[in-house]
């Protein structure tokens, strides 16, 4: 019975197994299955494998070991008891002494045995000792070395007590094994578990040996081969090594001198890795170790901060300096050492010295490190700066001194509590220095003074505040010519408003009406930027907006210029405006206005839409009903208010057919551009939102109107209606689109309608306005229209070219790429025959975009595209087209395979010979770059 | 993407180290003559064959040692080798010549010479650079053209 079951284990089959054929894996699986089903025992298996395990040929023995290893790997812990493991361990320990091929195969079995939690200490020690004694790690291949490291890690994580028992023997064995490892994959793995090893074992007299084995890799200099599949980078290795070198305090005395030596190197990676060691070492090395080398470390870091020009490296040095100063804080001499260091450097802070900036950077890093160091630096270096500021006459020098001084003060503020700082002499004097700069200095110094105030806000005395607030009050209504000064004033005003709201309210804000519009404009700009985030001023801000909005025409214009953007960015104020009855107040004011300016009307319309669209259905209904029955002195104003309100309404709110007739009448009969345009947009918004039943009727009505009107009016009306239908994916939209396409044959301006449909700028149809915007509507429209255009016979006319250009300009990238095979004929026709510079430029720019991203659709017709672009490099009537064509050619040379371009190279170079003699210098410059690239296309560089 | 004059301006400033574009240069109807600065812009980025620096950075070429005569179609460039016995002076001269050969219209007669008194073998180099046949022969030498191409290639290609 058993013989039948285990036919796969007969001698003949076993002896004919070949390692490469992998049949033994199948047999191992079957054996594992049978052992799990208890139809075979491990003892039986070993008896069956006798012909292999005791064979004279090492290849057969290896096969036996491999089958055994595979079977063990497939077994679960409860299926094999400690006695069996002991016997197998003895066997595998013996096999490690066998022929190297058998020994390396046995490593797999060792790893499996050690991974069993019930593997006894005796067995683990036996196996590990056998590896130490009989396997020369450095002579093994990379995968086998990796396996050995896995065995060590397994011992560390699962059999810690064995490590404790073996102690130095284990440490020595590991050190001997890992010494000289060169494979990056193995090293990444090693660096990971060595940290655990170092933390678990006591290195004792082997510390230096272990450190040397690791330190030989420092700094890591590794560049992955181009086809490396492991994706290991230098940074991975460097980080792993740094973690190892800094994970135990015992490495400190060895690692710090090594880091200092490499920090002195000119190689950037050596410096970076050395800084990393010094910084990370702070977590584990002893303070005493750092103290022992503190002088050398600080000298070296100072030297680098003073001399290195690479900004990132210098930042790295400063971060390291901060970490080390922080580490040294617990030393009892710390304060004195920092004091001595600062005193020795303070003379560098004299005005006009080249080392001024680097000295401040160095001292600032020290100050930012700890509370004590910040106070010492403020006292010594800050004091020196304050004294020299007072004796300096040059404004630029003073400005630098003040900046450095404030930075020191800021570091002390960040590191210390208020109670400590209140008694500090320098903190008390800092506001006076800023005040001096603000009152006595030139523009640069004044700006620095304002910046200083915004940074030391909480420590300004009442007297100084009084003067500062007066200065702010005077300046927030004055034009600032200098942008830096202006932003400093914004910041200072904002900070003071946060910290002293009541005083700012009383002393800075204008309570009486500002008469000049220019001053009001500046004042509102400051208010809306500086007070917007302070809850205290919310009321004042809104009242100011409302007050001036309905005060008089000029003030109202100023307010609406700001309100338009302010409300979009700060929607929380919209609710407050509604609460304060802003809309009725405003419309009462606006109803009495004569001759409003168009810009003001546009702003009013927009602001009303923004306010309305955020309101509930009830509020919208109420406002609509109340506001649209008011009588206005001016028709334009009435239209602006009405349209502003309607565009913001939700779908269910607007059902007023009279107003649709009113809008349609505006479109048909008004002679005013504002009314006509706004009505068209409003009509589109309404058609987009109203329900299906109502829509049909209105569309018929509009269709009749379209039959009556002609020219631009007809095109605009049709375009907006089409847009409103296409965006909501209404079936009628395609009929209207067809109509528009048919109009193209007769009317060149019709193409602008297509641009209007696919463009988003100044679009009343948006999700914010509760319009129905179906996903992918632009894609559908693009595909529909381009398919239609492909069917047109006499396509080589300007309106068609323009339409293709506008569609390609605004259609989503994926839509154009997806439809490219069909569109390409139209594109080529445009490039060949269109004389419209705008269209040509649009198409060239889009093609260049595709070329830059190496799109295959271009590559498939590369020659055709290239030759057409090449022809446009000499397009006479527009240099913009010539430039766009040259840039396209440049991108082609960079992005497509050389073998496809070389056949065209001479032709391109010849043609570009004409472009380098272009009449325009800008074109010549592009041509020179482009021609150079084409010359170097196949050059061996 | 070129959309406005401002963008042209920014592009120009970034790429040409502060050559500002005048209003006339945006005007399609006005002809811009070649000038010293334009020639300098063509050759300033040539790499030195020995150092990782450009001829401009090494002060081998300067704007004031370039002359252009649009009426006579003449361009003359004087370059200053870094040291009087610079062994790469001929290669530098050849690189300037080849760059201009590729980037200037063929109507221009280009003369590339060593700035007088700045090289020991000044006459010999000038003679070599002025000899069309020798220049053509040099460009047939694959090793030499490789070096010249490396000098001319923009940094990102090299």
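The values are calculated or read from the model by the stated rules, or taken from the named source; none is laboratory data. Keep in mind the model is a prediction, meaning the values are calculated, not measured. Please note: Cβ atoms are built from the backbone with ideal geometry, for glycine as well, and neighbour counts cover all protein chains shown.
For the reader, a short list of remarks on this structure follows.
- Looking only at the range A:865-895, residues that are surrounded by fewer than 19 Cβ atoms within 10 Å (Cβ to Cβ) and away from chain B (no Cβ under 11 Å) come to 4 in all.
- Of all residues in the range A:506-516, those that are surrounded by fewer than 16 Cβ atoms within 10 Å (Cβ to Cβ) and in a helix (DSSP H, G or I) total 1.
Let's see how each residue does on (1) in contact with a helix residue (DSSP H, G or I) (Cβ under 6 Å, 6 or more places away or on another chain); (2) surrounded by fewer than 18 Cβ atoms within 10 Å (Cβ to Cβ); (3) at pLDDT 90 or above; (4) away from chain A (no Cβ under 11 Å):
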site: B:1; (1), (2), (3), (4): yes, yes, no, no
site: B:6; (1), (2), (3), (4): no, yes, no, yes
site: B:31; (1), (2), (3), (4): no, yes, yes, no
site: B:42; (1), (2), (3), (4): yes, no, yes, no
site: B:52; (1), (2), (3), (4): no, yes, no, yes
site: B:61; (1), (2), (3), (4): yes, no, yes, yes
site: B:76; (1), (2), (3), (4): no, yes, yes, yes
site: B:80; (1), (2), (3), (4): no, no, yes, yes
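- Odd one out for residue A:497 among (1) in a loop (DSSP other than H, G, I, E, B); (2) more than 31 Å from the chain's Cα centre (by Cα): (1)
- Residues (over 29 Å from residue B:83 (Cα atoms), at the interface with chain A (Cβ under 10 Å from one of its Cβ atoms) and either modelled with pLDDT under 85 or out of contact with any helix residue (DSSP H, G or I) (no Cβ under 6 Å at 6 or more places or on another chain) (or both)) located in the range B:8-29: B:8, B:11, B:12, B:15, B:19, B:21, B:22, B:24, B:27, B:29
- Among residues of the range A:896-922, those that are touching a helix residue (DSSP H, G or I) at 6+ places or on another chain (Cβ under 8 Å) and facing another protein chain (nearest Cβ under 9 Å), counted: 8
- Of the residues contained in the range A:461-477, none is found to be more than 24 Å from residue A:511 (Cβ to Cβ), modelled with pLDDT under 90 and in a helix (DSSP H, G or I).
- Any hit, the range B:138-149, residues being under 30 Å from residue A:919 (Cα atoms) and more than 13 Å from chain A (Cβ to nearest Cβ): no
- In the range A:672-691, the residues that are farther than 15 Å from residue A:763 by Cβ reach residues that are not in a helix (DSSP H, G or I) with C-beta atoms within less than 6 angstrom, at least six apart or across chains, in these pairs: A:676/A:670.
- Test: residue in the range A:133-141 that is surrounded by fewer than 16 Cβ atoms within 10 Å (Cβ to Cβ), touching a residue at least 40 places away in the same chain (Cβ under 8 Å) and under 52 Å from the mean Cα position of the chain (by Cα): yes
- Exclusive hit being within 14 Å of another protein chain (Cβ to nearest Cβ) and over 24 Å from residue A:725 (Cα atoms), set A:840, A:826: A:840
- Cβ pairs under 9 Å, 6+ apart, first in the range B:97-115 and facing chain A (nearest Cβ under 7 Å), second assigned to a strand (DSSP E or B): B:104/B:75; B:104/B:110
- Hits in the range A:643-666 - residues which are touching a residue at least 40 places away in the same chain (Cβ under 8 Å) and either buried (at least 24 other Cβ atoms within 10 Å of the Cβ) or on the phi > 0 side of the Ramachandran plot (or both): A:644, A:646, A:647, A:648, A:649
Okay, residues lined up against (1) in contact with a helix residue (DSSP H, G or I) (Cβ under 7 Å, 6 or more places away or on another chain); (2) outside any helix (DSSP H, G or I):
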site	(1), (2)
A:209	yes, no
A:222	yes, yes
A:225	no, yes
A:230	yes, yes
A:238	yes, no
A:241	yes, no
A:244	yes, no
A:247	yes, yes
